Amino acid sequence: MPREYQVQGVPVSDLARRYGTPFFVYDGQVLHDRFHGLRRRLHSAVEIFYSLKANPNVSVCALLRSFGARAEISSLVELRTARRAGVAPEDIIFLGPGKSRQELAACLDEGVFAIVCESFPELALVDELARDRGVRAPVALRINPSFAVKRSGLAMGGKPRQFGIDEEQVFAEAGLAGRFPGVEVIGVHVYMGTRILEEDVVVENTTRILELAERVAAHLAVPLRMVDVGGGLGVDYFSGETGLDPAVLAGKLDPVIAGFTARHPGTRLIMEVGRYLTAESGTYVVAVRYVKTSMGERFAVADGGTNHHMAAVGIGSFVKRNFPMAVLNRLDEPATEDWNITGPLCTPNDTLGKKVPLPPVRAGDLIGVLRSGAYGPTASPVLFLSHGYPAEVLVHEGRPHLIRERDLPEDLMARQRLYDPAEPDPAARNATDIVP
Ligand SMILES: *Cc1c(COP(=O)(O)O)cnc(C)c1O
């Protein structure tokens, strides 16, 4: 019997038979180890907020919550997901540059810990909604700092951005608190970037953010009830990359945090972590439909591709770098050939892996893209060619659980209407905020 990839003792071929392919499988033990590997080392004053954006599955969120994670969210459905996963409102923060009136109202009605405001017009809207309700809205100001820290991955701050309010504008503003009586500024949020793989960069970001938060609080004359230092902890996907070492990170971060908490004992310190918690736990499993050669190169055409895993295309890098991949049903066989692993889409970009060293691939093989638990289907064009969402499976305590059903053709057809001139036009399900 060839050695087969297993998740907590469950063979991948069993999962494929039971749930069909393609699917994502998440290992609950790996989620546990990633969370606690960080948690037990970080200074206890730092609270880990799970960024649902990385993987918004309600069961993934619920498992992380059971380990002690709070939630950082950016949409109404993420709010509902976090609540359904059991996250308490006081452990939820809501951010994003384009929040709707409905989302802001839901934040107030749920009583989330903080709305992270990203512009002055947003502050005005929060102010209006809070005063309508006779409450004061707890608001953290997201600040786009004047500084940028090098090697902060994909930079989200320190340059012209739709995120946050420029540091300069915050300091140019006198009497911000008085202008918005329905708003209670409780803290500061800064997010420098994502995919950071150097401990020193996280430490430098955190140091500068804490220092900025103290200056902002002093300028606005508000108490600091929270500082969100962002995060951006990266994952080593590609050969040549080295992952963050949580022990090294915590060791270097500890004095910075200790110094801050000594000055601000009551302040909640928030770190937002998405990819770092979930990426490692996930495997995208596709079945090979056809193998062929073209002009001397080998192709394995699979039943799923970048429609479920856009990140595998290697966005942002000039040369395509491959995620770690394996023929899951024959792990023992040596990699003797180079294979292009492609999906069902009619575009040459639908390439999960280019010239991946693998054993000879056959139709029916199960190919796995490893470290795929973050920014998978939700960050991919799942509706391209109308294939829809894949199944998602969580293996926890040795047992598999279906945590998302794949889209079926009838699901995808149900939303479309065949134009009929004899029928009156139905009202659209209108969720817009724009009131003339
Ligand atoms: C995307 C995002 C995160 C999560 O990023 P990861 O790289 O998945 O950890 C956290 N905070 C903000 C503001 C984000 O935009």
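The values are calculated or read from the model by the stated rules, or taken from the named source; none is laboratory data. Treat the numbers as computed from the prediction; the structure is a model and nothing was measured. Glycine gets a Cβ as well: all are built from the backbone with ideal geometry, and neighbour counts include every protein chain shown. Heads up: the accessible areas ignore ligands, DNA and RNA and are worked out on the full protein's heavy atoms, side chains in. Shrake-Rupley method; radii C 1.70, N 1.55, O 1.52, S 1.80 Å.
For Gly274, which of the numbered conditions (1) more than 16 Å from the ligand (Cβ to nearest atom); (2) among the small types (Gly, Ala, Ser); (3) buried (at least 19 other Cβ atoms within 10 Å of the Cβ) fails to hold?
(1)
Check segment 68-76 and report whether any residue there is touching a strand residue (DSSP E or B) at 6+ places or on another chain (Cβ under 8 Å), within 16 Å of the ligand (Cβ to nearest atom) and of a type in the set (Lys, Arg). Give the derivation first.
First, pick out the residues of segment 68-76 that are touching a strand residue (DSSP E or B) at 6+ places or on another chain (Cβ under 8 Å): 68-74.
Cutting the leftovers down to within 16 Å of the ligand (Cβ to nearest atom) gives us 69-74.
So of that shortlist, the ones also of a type in the set (Lys, Arg) come out as 70.
Yes, segment 68-76 has at least one match.
If a residue counts only when it is touching a residue at least 24 places away in the same chain (Cβ under 8 Å), more than 30 Å from Asp228 (Cα to Cα) and assigned by TED's automatic domain parsing to the domain that holds Pro390, which strands (runs of 3 or more DSSP E) contained entirely in segment 238-344 have at least 3 such residues? Quick ask: steps written out before the conclusion?
Values: elements: 268-273, 282-294, 297-302, 325-327, 337-342.
Passing ranges, in order: 282-294, 297-302, 325-327, 337-342.
Quick one: is Leu220 surrounded by 21 or more Cβ atoms within 10 Å (Cβ to Cβ) and either more than 16 Å from the ligand (Cβ to nearest atom) or acidic (Asp, Glu) (or both)?
no
Say we look at segment 296-340 and pick out the residues that are of a type in the set (Val, Ile, Thr) and over 25 Å from the mean Cα position of the chain (by Cα); which of these is nearest to Pro390 (Cα to Cα)?
Val301
Residue by residue, here is whether (1) touching a Gly at 6+ places or on another chain (Cβ under 8 Å); (2) more than 16 Å from the ligand (Cβ to nearest atom); (3) part of a strand (DSSP E or B); (4) open to solvent by 90 Å² or more (accessible area, probe 1.4 Å) holds:
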{"residue": "Ile367", "(1), (2), (3), (4)": "no, yes, yes, no"}
{"residue": "Arg371", "(1), (2), (3), (4)": "yes, no, no, no"}
{"residue": "Thr378", "(1), (2), (3), (4)": "no, no, no, no"}
{"residue": "Glu392", "(1), (2), (3), (4)": "no, yes, yes, no"}
{"residue": "Leu402", "(1), (2), (3), (4)": "no, yes, yes, no"}
{"residue": "Met413", "(1), (2), (3), (4)": "no, yes, no, yes"}
{"residue": "Tyr419", "(1), (2), (3), (4)": "no, yes, no, yes"}
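Can you name the number of the only condition in (1) within 22 Å of the chain's Cα centre (by Cα); (2) crowded, with 21+ Cβ neighbours inside 10 Å that Val126 fails?
With (1) within 22 Å of the chain's Cα centre (by Cα); (2) crowded, with 21+ Cβ neighbours inside 10 Å applied to Val126, the lone miss is (1).
So, Asp33, is that one outside any loop (DSSP other than H, G, I, E, B) and either over 22 Å from the mean Cα position of the chain (by Cα) or assigned by TED's automatic domain parsing to the domain that holds Gly305 (or both) or not?
Criteria not met by Asp33.
Which of the numbered conditions does Glu168 fail, given that it passes all the others? Conditions: (1) open to solvent by 40 Å² or more (accessible area, probe 1.4 Å); (2) within 25 Å of Pro255 (Cβ to Cβ); (3) in contact with a Ser or Thr (Cβ under 7 Å, 6 or more places away or on another chain); (4) not hydrophobic (A, V, I, L, M, F, W, C).
So Glu168 meets the others, but not (2).
Sort through Asp236, Asp254, Asp245, Asp228 and tell me the only one that's open to solvent by 10 Å² or more (accessible area, probe 1.4 Å), farther than 25 Å from Val361 by Cα and within 16 Å of the ligand (Cβ to nearest atom).
Matching residue, one of Asp236, Asp254, Asp245, Asp228: Asp236.
Quick one: which residue in Val149, Val139, Val126 is of a type outside the set (Gly, Ala, Ser) and more than 25 Å from Ala71 (Cβ to Cβ)?
Val149
Quick check: is even one residue across segment 205-214 open to solvent by less than 50 Å² (accessible area, probe 1.4 Å), β-branched (Val, Ile, Thr) and assigned by TED's automatic domain parsing to the domain that holds Gly96?
Scanning segment 205-214, I find at least one residue that is open to solvent by less than 50 Å² (accessible area, probe 1.4 Å), β-branched (Val, Ile, Thr) and assigned by TED's automatic domain parsing to the domain that holds Gly96, so the answer is yes.
Inside segment 20-56, can you point out the residues that are within 12 Å of the ligand (Cβ to nearest atom) and among the hydrophobic types (A, V, I, L, M, F, W, C)?
Leu38, Ile48, Phe49, Leu52, Ala54
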